[in-house]
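All remarks here apply to the structure that follows.
The values are calculated or read from the model by the stated rules, or taken from the named source; none is laboratory data. From a predicted model like this one, the values you see are computed outputs, not experimental measurements. Here Cβ is always computed from backbone atoms with ideal geometry, including for glycine, and neighbour counts include all displayed protein chains.
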Amino acid sequence: MSTEKILIEDIEREPDKTLHYEFDGEIQELDNCKITAELDLKSLGDFIEAKGHVDGAVTLECDRCLNKFDYKLDFDIDETYAKHSLYDEYAQEVELQPGQFITDLNGEKEIDIYDLLYQSVILQLPNKKVCGINCNEGFFVSDEEIKPHDSRMDVFKNIKINN
């Protein structure tokens, strides 16, 4: 795993407490995943806000035909980090509302940008990876592929359904 870390003190020293960061490389844990990203990291007192955009592509395997295909990546990142532990503030269970998800740095002095990009790419991948709208592999099964016969299923041959 690559390390692309930004010190929080470097963000604090920037004009307007905003650091611009660019990434152009691979996410090594994914098959042929090349991305470019532009992020602005801004200090907001007890929080760091990371906003930006990611473009690129990753090679996926189709869930139907098992062929490899390229999947385009084009999405925004909007992440908030808490500089100090939120455990004391939220010691009891609370329901998060939209926009309230915050990554707790637990006093860490740096933000792992590579991990942010990796997790963001993973969240953008489709649940069902299909190479194309016309991929029908695996949908149609011939009678020959159903064999051997399972006698436990014979009970369903005699079911009558009334409308």
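Of note:
- All conditions but one from (1) over 30 Å from ASN106 (Cβ atoms); (2) modelled with pLDDT under 95 apply to SER43; the one that does not is (1).
- Residues within region 17-39 that are closer than 16 Å to ASP78 by Cα, surrounded by 15 or more Cβ atoms within 10 Å (Cβ to Cβ) and of a type outside the set (A, V, I, L, M, F, W, C), tallied: 2
- Each residue in region 121-136 was checked for being under 18 Å from HIS53 (Cα atoms) and not β-branched (Val, Ile, Thr), and 3 of them qualify.
- Residues in region 7-20 that are in contact (Cβ under 8 Å) with a residue 24 or more places away in the chain, within 13 Å of GLU49 (Cβ to Cβ) and in a strand (DSSP E or B): THR18 alone.
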